[in-house]
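The values are calculated or read from the model by the stated rules, or taken from the named source; none is laboratory data. For clarity, every value in this text was computed on a predicted model and none was experimentally measured. Methodologically, a virtual Cβ is constructed for each residue, glycine included, from the backbone with ideal geometry; neighbour enumeration extends over all protein chains shown. For the accessible areas, the whole protein counts, side chains as well, though only heavy atoms, and no ligand, DNA or RNA atoms are used. Shrake-Rupley method; radii C 1.70, N 1.55, O 1.52, S 1.80 Å.
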Amino acid sequence: MRYHFNFFKKPIPRRSFLKGMLGVFAVSGAGVGHGYASTWKSNIRLERVEVTIRNLPPAFRGFTIGLLSDLHSSPIVSKDHLQSAAELLMTARPDMIALTGDFIGHTFRFPGEPYHEFEPRYVANIVDAFSGLKAPHGIYGVLGNHDFWSGPEAVLTLEKEFAQGFGVKWLRNRNVKVERGSEAIVLAGVDDYWQDSCSPGDALKGSPEDAVRILLSHNPEVNEILYDWQRIDLILSGHTHGGQIKLPFIGAPFQAGVRKRKYMEGLARDGHRQTYVTRGVGHLVVPIRLLCPPEVTLITLV
Ligand SMILES: [Fe+2]
């Protein structure tokens with residue numbers, strides 16, 4: 001049987017895919033001890049990234065956005081690990097916080113397969129771990145593919161519990177005006193790129209064309225469906241985990257859900273539009289990160 005992943009160019013047999021995964025994990029076996037240990041010691045890195053934005057209103061020079069993504073709260077990502085990420089971000093005192101999806105779920109879902117079993121306790125773990133998360137300009141969120149793969153009940157629970165638990169405002173194909181003094185920028189968000197409901201057009205609707213616009217999108221490949229007239233200055237994304245497992249001299253053997261390697265990690269550019277891709281906090285399939293530590297990010301607009 002062949003499976004078609006819309007993140008791969010060609011359908012690949014499920015058996016080959018799983019064999020490939022096993023191969024990578026076997027090769028990385030030597031590093032398992034290190035990777036496993038580093039996960040449990042929560043060696044999360046705080047990455048500080050300056051992003052130059054054209055025509056940034058003076059009031060927003062030095063404005064900081066804390067970015068948390070790909071928590072994957074599950075049997076293989078503990079509440080303590082999530083709490084360490086939240087506490088590390090709070091040491092940087094961000095002006096605003098952005099959450100870019102994949103809050104739950106830890107395995108793949110093949111097309112046509114049922115939704116993952118949803119266990120509300122893994123949402124509760126995040127709400128507990130993030131209870132200290134605060135920012136003067138608010139906390140905003142978008143959903144990732146794993147959140148949708150967990151089914152409609154999971155999506156509703158995430159939306160409700162995050163809003164009640166730590167004040168998250170959801171940007172599901174909509175935007176808000178962020179004001180500082182008499183000046184403002186636009187913060188927009190889309191549903192995950194692999195969902196039919198992903199709509200950059202709706203996300204930007206009503207926002208002034210000359211405003212600085214920042215878009216939250218779980219998957220950086222949203223770049224592929226933007227029209228020139230949908231001008232965006234900065235996209236904040238996750239999704240790739242930076243590859244999660246990197247091999248010496250080779251780097252990440254998988255492009256982890258994106259077709260262009262430039263969207264794997266860090267800052268990428270498409271004309272004037274920039275995209276920052278975080279490695280994220282959690283992990284997928286196995287509790288291992290190799291040469292690819294978990295990340296929380298402080299973006300500073302300059
Ligand atoms: Fe993820």
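Listing for the model above:
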| quantity | calculated |
| --- | --- |
| Inter-part distance where region 210-247 and region 254-275 are each reduced to a Cα centre, Å | 8 Å |
| Trypsin sites (Lys or Arg not before Pro) restricted to DSSP loop in region 47-132 with at most 14 other C-beta within 10 Å | R54, R61 |
| Sequence-separation-based contact order of region 102-210, relative, with Cα cut under 8 Å and 6+ spacing, percent | 25 percent |
| Pairs of lysine residues in region 121-215 - Cα separation under 15 Å, sequence separation of 8 or more or cross-chain | 4 |
| Largest to smallest accessible area among K160, K177 [probe 1.4 Å] | K177, K160 |
| 10 Å-binned pair-distance histogram of region 2-301 (Cα, whole percent) | 6, 29, 37, 22, 5, 0 |
| Fraction of accessible area attributable to carbon and sulfur, the chain (%, probe 1.4 Å) | 53 percent |
| Estimated vicinal HN-Hα couplings, Hz - region 144-151 in sequence order (Karplus 6.51, -1.76, 1.60; Gly, Pro = x) | x, 4, 5, 5, 5, 5, 7, x |
| Per residue accessible area in Å² of the chain, where ligands, DNA and RNA are left out and the probe is 1.4 Å | 44 Å² |
| Full-extension gain in nm, D202 to D128, via 0.36 nm per residue minus C-alpha separation | 23.4 nm |
| Separation in nanometres of the label points that stand 7 Å from Cα toward Cβ, at K169 and R93 | 2.3 nm |
| Residue with peak Gaussian network fluctuation, the chain [Cα springs, cutoff 10 Å], from I225, I288, I235 | I225 |
| Region 145-266: C-alpha gyration tensor shape, a/c 1.5 cut-off, then a/b vs b/c | oblate |
| Rel. contact order, % - alpha carbon contacts under 8 angstrom, at least six apart, region 2-301 | 25 percent |
| Expected 222 nm ellipticity per residue - DSSP helices of 4 or more, -39500 (n - 2.57), all of the chain, to 500 | -7000 deg cm²/dmol |
| With DNA, RNA and ligands ignored, accessible area of V277 (1.4 Å probe; Å², nearest 10) | 0 Å² |
